[in-house]
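The values are calculated or read from the model by the stated rules, or taken from the named source; none is laboratory data. None of the values given here were measured: they were computed from a predicted structure. Here the Cβ positions follow ideal geometry from the backbone for every residue, glycine too, while neighbour counts run over all protein chains shown.
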Amino acid sequence: MSGPRKAIGVSLLLTLMAALPLSQAPAAATLDLCGLKPAFTEDFHDLKVSSWKMNGNRWIAHTPWAGDFGDAAFSDPQPGFPFTLKDGVLRIEARKDAAGKWRSGLLASADPWGTGFTQMYGYFETRMKIPKGPGTWPAFWLSESWPKGSPPGVSVEVDSIEYYGQFPDTFHSGWAVWDGIHHTHMGDGHVEQIPRGALEDDFHTFGVEVERDFTTFYYDRNQIWQVPTPKEHQHPFLVLVDLALGSGWPIDQTPNPSFLDVAYIHVFERDSSACTK
């Protein structure tokens, strides 16, 4: 099926920014990893990525529904670009090619045929350092996995973090339901206020726990937002991380190159007998 586009879009984003109060150091719950056991652990000691089919790897370099997005084309992996590893940290690079066209990178944990890692419920977390500069649009997010050839249907997306370089004192979390039958979508979002440039200066964790009844968002393992899990969530999520550009914002002042650094991606599942610290 034709999958969702990972984009709140400028008009909806501006609406959210105007309508939603910025979070002010909430007295939020801190995530307790007791009762969670590891289900997927990517610490980037090496990188196993292919273009479209898993072929024994852990990632592909495009969205499995061929719905790549933004103003930088997501590139097939090649030596030195767009993915590099150093000291257990993944670097995703966005830069202009010889023709002056922007190119960048995306990782997805399942391919168009459904091979790879997916999970229905659980806690999904990354630790990242965000690129500086206007026009950057990095994200860590979840999208329901649909095998290639499935008829149009309804798909749920959960965005743990979307960061718009135009606004270095906030980041965004959200969810969306994409209806491929009626060609409509609905969703909601949250704007989290942070010290200006904090995400660019150091690594921080971004996580989301999807449970049957509620979906809870975390920043540095402190709860920042909770919503009812959309009733449309009927299929397991694959995991995606990317450095996109644009989303309607200009990229004429985007630093060339720009870098997103990712220390890890970890996924846990609930197990009452587990206690992981």
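Below are the figures for this structure:
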{"quantity": "Those residues of the range 94-145 which are touching a Gly at 6+ places or on another chain (Cβ under 7 Å) and of a type in the set (Asp, Glu), in sequence order", "calculated": "Glu125"}
{"quantity": "From Pro230, Pro168, Pro195, residue being at negative phi and either of a type in the set (A, V, I, L, M, F, W, C) or in contact with a strand residue (DSSP E or B) (Cβ under 9 Å, 6 or more places away or on another chain) (or both)", "calculated": "Pro230"}
{"quantity": "Top-ranked residue of the range 202-225 - restricted to ones that are without any contact (Cβ under 8 Å) to a residue 24 or more places away in the chain and surrounded by fewer than 17 Cβ atoms within 10 Å (Cβ to Cβ), ranked as nearest to the chain's Cα centre (by Cα)", "calculated": "Asp220"}
{"quantity": "Residues located in the range 234-254, provided they are modelled with pLDDT under 95 and either closer than 29 Å to Asp32 by Cα or among the hydroxyl-bearing types (Ser, Thr, Tyr) (or both)", "calculated": "Gln234, His235, Ser247"}
{"quantity": "Every residue from the range 169-208 that is touching a Lys or Arg at 6+ places or on another chain (Cβ under 9 Å), closer than 29 Å to Val89 by Cα and outside any loop (DSSP other than H, G, I, E, B)", "calculated": "Leu199, Glu200, Asp201, His204, Thr205, Phe206, Gly207"}
{"quantity": "Breaking point among (1) modelled with pLDDT under 95; (2) surrounded by 19 or more Cβ atoms within 10 Å (Cβ to Cβ); (3) out of contact with any Asp or Glu (no Cβ under 7 Å at 6 or more places or on another chain), for Ser155", "calculated": "(3)"}
{"quantity": "Unmet requirement for Ala139, which otherwise passes all of (1) small (Gly, Ala, Ser); (2) under 19 Å from Ser247 (Cβ atoms); (3) not in a strand (DSSP E or B)", "calculated": "(3)"}
{"quantity": "When residues of the range 96-125 are limited to those that are in contact with an Asp or Glu (Cβ under 9 Å, 6 or more places away or on another chain) and hydroxyl-bearing (Ser, Thr, Tyr), the one farthest from Phe40 (Cα to Cα)", "calculated": "Ser104"}
{"quantity": "Residues satisfying the stated conditions in the range 181-200, i.e. in contact (Cβ under 8 Å) with a residue 60 or more places away in the chain and farther than 18 Å from Trp141 by Cβ", "calculated": "Gln193, Gly197, Glu200"}
{"quantity": "Selection count, the range 164-186, where residues are of a type outside the set (S, T, N, Q) and farther than 30 Å from Gln253 by Cα", "calculated": "9"}
{"quantity": "Any hit, the range 193-203, residues being of a type in the set (Gly, Ala, Ser), out of contact with any helix residue (DSSP H, G or I) (no Cβ under 6 Å at 6 or more places or on another chain) and over 19 Å from Arg127 (Cβ atoms)", "calculated": "no"}
